[in-house]
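The values are calculated or read from the model by the stated rules, or taken from the named source; none is laboratory data. Because the structure is a prediction, the values reported are computed rather than measured. Backbone-built Cβ (ideal geometry, glycine too); neighbour counts: all protein chains shown. Ligands, DNA and RNA are stripped out before the accessible areas are found, and what is left, the full protein with its side chains, is counted by its heavy atoms. Shrake-Rupley method; radii C 1.70, N 1.55, O 1.52, S 1.80 Å.
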Amino acid sequence: MKLDNRKESEFTEIVGPFHHERQESSSYNPERKASSEGSYVPTLDVTFVHVTSKPTSKGCFGRWHQLYAALAVTMSAAGLGTTIAYTATAMPDLRNAKPFGEVTSSQETWIGPLALLGAAVACPIAGFLVDIFGRRRTIVWFMPLFLSGWLIIGLAQNIEMIYIGRFITGFCGGSISLAIPVFLAEVSEVDIRGTLTSFIDMMITVGILYIYLIGTYASWQTQAFACGALPLLCQILMFIVPESPRFLLQRGDTTNARKSLSWFRNSTFEQIEEEFSKVKLLRLYMNCKNRFM
């Protein structure tokens, strides 16, 4: 990997304090290699053998910010669960109530798959948004749209409005299913990362169970309004959760990245400094690798 003088000094500056429980082999080649433009740049070869990290926050109470963030963000996954299961509980009532006349078999076959079509369309768009605008911001931005989809279904005056609502809710569900794992992987500590990311599947199941219970007693309109409560709750809970520190570092916002990591670890700046240096080192290494290799 080749580095210019500025990048080399930044790399050295970050590597300096980062030497706790780390195995690394690096070599600097004092010989300068000619580039295609005829100039000379130093080369730095770094091989990371193994990196370990002790948890910064201690015990369950020290990690409650991470637990809260996981529950808050996966509340939208519960909304995805309701999107998946809504037709199973709403269609029987829709057939019996006949608000738009007789629901044909052709119309029924569109009500279900339109959510899947919306999810398929959403995936490449969400992948772009999480890298440009952030993981948290992408999730929060989709919650009002998610809610509006359920309101369109609940207030539908014709079958076409249900089509539109199903597509919107599927679109939002597909988007957050991509953003949530990235967010949780970046904010959680290594030894509880698997536990926190398992909340995604758990909350999808909770959402399915939730709409099954509501659907036992409520009409198809009330079910839609009840489903809309979940993205609204996610929006409220996410209000105090900061953006991923890794994404903030990727955008060059070191100050807010340090604040974010401090919040997620429920620790002071001094206590998270070692972990922050490791995250910052890895981000710089990846940036340099992508730029020069």
Could you please find all residues in the range 255-270 being assigned to a helix (DSSP H, G or I), under 17 Å from residue 188 (Cβ atoms) and open to solvent by 10 Å² or more (accessible area, probe 1.4 Å)? 262, 263
Of everything in the range 72-129 that's farther than 16 Å from residue 208 by Cβ and of a type in the set (Phe, Trp, Tyr), which residue is nearest to the chain's Cα centre (by Cα)? 128
Tally of residues being open to solvent by 60 Å² or more (accessible area, probe 1.4 Å), in a helix (DSSP H, G or I) and at pLDDT below 90 across the range 101-123: 3
Answer yes or no: is there a residue in the range 151-161 that is touching a helix residue (DSSP H, G or I) at 6+ places or on another chain (Cβ under 8 Å), of a type in the set (Gly, Ala, Ser) and farther than 16 Å from residue 81 by Cα. yes
Could you tell me which numbered condition residue 149 fails, if it satisfies all but one of (1) under 23 Å from residue 91 (Cα atoms); (2) of a type outside the set (A, V, I, L, M); (3) surrounded by fewer than 20 Cβ atoms within 10 Å (Cβ to Cβ)? (3)
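Residue by residue, here is whether (1) at pLDDT 95 or above; (2) open to solvent by 40 Å² or more (accessible area, probe 1.4 Å); (3) over 24 Å from residue 63 (Cα atoms); (4) not basic (Lys, Arg) holds:
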| residue | (1), (2), (3), (4) |
| --- | --- |
| 144 | yes, yes, yes, yes |
| 153 | yes, no, yes, yes |
| 158 | no, yes, yes, yes |
| 167 | yes, yes, yes, yes |
| 216 | no, yes, yes, yes |
| 236 | yes, yes, no, yes |
Qualifying residues in the range 169-195 (those that are aliphatic (A, V, I, L, M) and more than 12 Å from the chain's Cα centre (by Cα)) - the one farthest from residue 235 (Cα to Cα): 190
Flagged in the range 37-94 as among the β-branched types (Val, Ile, Thr), open to solvent by 60 Å² or more (accessible area, probe 1.4 Å) and modelled with pLDDT of 50 or more, in numbering order, are 84
Test each condition in (1) touching a residue at least 12 places away in the same chain (Cβ under 8 Å); (2) outside any helix (DSSP H, G or I); (3) out of contact with any helix residue (DSSP H, G or I) (no Cβ under 6 Å at 6 or more places or on another chain); (4) not β-branched (Val, Ile, Thr) for residue 252 and report the one that comes out false. (1)
For the range 154-178, name all the residues that are over 23 Å from residue 73 (Cβ atoms) and assigned to a helix (DSSP H, G or I). 154, 159, 160, 161, 162, 163, 164, 165, 166, 167
Among the residues in the range 226-244, are any aliphatic (A, V, I, L, M) and in a loop (DSSP other than H, G, I, E, B)? yes
